[in-house]
Amino acid sequence: MKYANKQRVLVVTSRGVSARQRHLVDDVAKLLPHHKKESKVDAKKDLRSLNELAELGSCNGVVYFEARKHALYLWISRRNGPAAKFGVLNVHTTDELRLTGNCALGSRPLLCFHNFRDDVVIFKHLLAITFGTPRGHPKSKPFFDHCLSFSMLDGKIWLRHYQTTSDDQLVEIGPRFVLDPIRVLAGSFSGSTIYHVPTEPKKRNKLHDDSYERRQRTKLQRKEHKRNNQIPKTDLDGLFAADNADFIGPDE
């Protein structure tokens, strides 16, 4: 079979990923026989440097896992755009789940999409071209024995991985996680914003106000506690006052 649709995806992570997040990256890489893995990079200041890595590796797309403190973000980008940023939630790796499903490494997946509206169809195209294994790829197998399900629910994308059995049944394999769409850029890690999930400024300000009020309330409670629980003075309070004065010195 001639390999005509030549696609290669660069899979890379930022520095600071935890062990659990690294296992998730390995699980995602196993779902992409056409991937090229790169070592950790420090591209938090300028994500456009990932385009150079992709060009050096002859990659058409980039899957970039960005760790920030305890949060994990996923960037999916094409060479000429667009690029989408997601928050990664509810992560469960394959080793954690220990499910009974199994599939051949490198086999092509069936991609199933559910409830994708017209205003978020760009996510469907990005996921399809990224997770879809090209036909005739040298590292892939020419048959389908597993399924990747992408379901849009409550504004988030739920990913599940299943084995397809001979009796038309689905047995979950793993991993499983949820993608929370944040932003879509017109270019590859650059360009204008064509989709953005707006944050609620009233809610953000309310959280800030609640935090300030809580700190002030705690400060007043601490002052009142000190005032109500003062240690009474005794005759021993000035016992070592003279010795301390000699130790400090007359000039101080």
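State whether one or more residues within region 168-185 are at pLDDT 90 or above and among the small types (Gly, Ala, Ser).
No, region 168-185 contains no residue that is at pLDDT 90 or above and among the small types (Gly, Ala, Ser).
Where in region 124-188 are there strands (runs of 3 or more DSSP E), lying fully within it, with 1 or more residues that are touching a residue at least 60 places away in the same chain (Cβ under 8 Å) and either out of contact with any strand residue (DSSP E or B) (no Cβ under 8 Å at 6 or more places or on another chain) or farther than 29 Å from Leu47 by Cβ (or both)?
Values: elements: 141-153, 156-164, 170-172, 176-185.
Because the criterion is at least 1 residues that are touching a residue at least 60 places away in the same chain (Cβ under 8 Å) and either out of contact with any strand residue (DSSP E or B) (no Cβ under 8 Å at 6 or more places or on another chain) or farther than 29 Å from Leu47 by Cβ (or both), the strands (runs of 3 or more DSSP E) in region 124-188 that meet it are 141-153, 156-164, 170-172.
From the list His137, His114, His92, pick out the single residue that is of a type outside the set (A, V, I, L, M) and touching a His at 6+ places or on another chain (Cβ under 6 Å).
Values: His114 fails: touching a His at 6+ places or on another chain (Cβ under 6 Å); His92 fails: touching a His at 6+ places or on another chain (Cβ under 6 Å).
Unique residue meeting the criteria: His137.
Ala29 versus (1) closer than 14 Å to Thr13 by Cβ; (2) buried (at least 19 other Cβ atoms within 10 Å of the Cβ); (3) of a type in the set (A, V, I, L, M); (4) out of contact with any helix residue (DSSP H, G or I) (no Cβ under 8 Å at 6 or more places or on another chain): which is the lone unmet condition?
(2)
Could you give every pair whose Cβ atoms fall below 7 Å, whose first residue belongs to region 3-14 and is without any contact (Cβ under 8 Å) to a residue 60 or more places away in the chain and among the polar types (S, T, N, Q), and whose second residue is surrounded by 13 or more Cβ atoms within 10 Å (Cβ to Cβ) and assigned to a strand (DSSP E or B), counting only separations of at least 6 or pairs across chains?
Thr13/Phe65; Ser14/Val41; Ser14/Phe65; Ser14/Glu66; Ser14/Ala67
Could you check region 3-119 for helices (runs of 4 or more DSSP H) lying wholly inside it with 3 or more residues that are of a type in the set (Ser, Thr, Tyr) and in the same structural domain as Leu170 (by TED's automatic domain parsing)?
Values: elements: 19-30, 49-56, 94-97.
Hits in region 3-119: none.
Which of (1) surrounded by 13 or more Cβ atoms within 10 Å (Cβ to Cβ); (2) touching a strand residue (DSSP E or B) at 6+ places or on another chain (Cβ under 9 Å) does Ser58 not meet, given it meets every other one?
All conditions pass for Ser58, except number (1).
Restricting attention to region 189-199, which residues are surrounded by fewer than 18 Cβ atoms within 10 Å (Cβ to Cβ) and in contact (Cβ under 8 Å) with a residue 60 or more places away in the chain? Give the derivation first.
The initial filter retains those residues of region 189-199 that are surrounded by fewer than 18 Cβ atoms within 10 Å (Cβ to Cβ), namely 190-199.
Across region 189-199, the qualifying residues are Ser190, Gly191, Ile194, Tyr195.
Name the residues in region 155-175 that are closer than 20 Å to Asn115 by Cα and surrounded by 21 or more Cβ atoms within 10 Å (Cβ to Cβ), would you?
Of region 155-175, the ones closer than 20 Å to Asn115 by Cα are 155-162, 170.
Correct list: Ile157, His161, Tyr162.
Yes/no matrix, rows are residues, columns are (1) over 20 Å from the mean Cα position of the chain (by Cα); (2) of a type outside the set (Ser, Thr, Tyr):
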position: Val11; (1), (2): no, yes
position: Leu24; (1), (2): no, yes
position: Pro33; (1), (2): yes, yes
position: Ser77; (1), (2): no, no
position: Ala104; (1), (2): yes, yes
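Restricting attention to region 209-219, does a residue exist that is within 30 Å of Glu52 (Cα to Cα) and modelled with pLDDT of 85 or more? Spell out how you get there, then give the answer.
Our first condition is that a residue be within 30 Å of Glu52 (Cα to Cα); within region 209-219, this holds for none.
Checking region 209-219: not a single residue is within 30 Å of Glu52 (Cα to Cα) and modelled with pLDDT of 85 or more.
So, in region 69-112, of the ones that are of a type in the set (Lys, Arg) and under 28 Å from Arg48 (Cα atoms), which residue ends up surrounded by the fewest Cβ atoms within 10 Å (Cβ to Cβ)? It would help to see each step written out before you state the result.
So the first thing to find is which residues in region 69-112 are of a type in the set (Lys, Arg), and the list is 69, 78-79, 85, 98, 108.
Those still in the list that are under 28 Å from Arg48 (Cα atoms) too: 69, 78-79, 85.
Details: Lys69: 6, Arg78: 19, Arg79: 13, Lys85: 23.
Among residues in region 69-112 that are of a type in the set (Lys, Arg) and under 28 Å from Arg48 (Cα atoms), the one surrounded by the fewest Cβ atoms within 10 Å (Cβ to Cβ) is Lys69.
The values are calculated or read from the model by the stated rules, or taken from the named source; none is laboratory data. Here the structure is a predicted model, which means the values were calculated and not measured. Quick reminder, even Gly has a Cβ in these numbers, built from the backbone with ideal geometry, and neighbours come from all protein chains shown.
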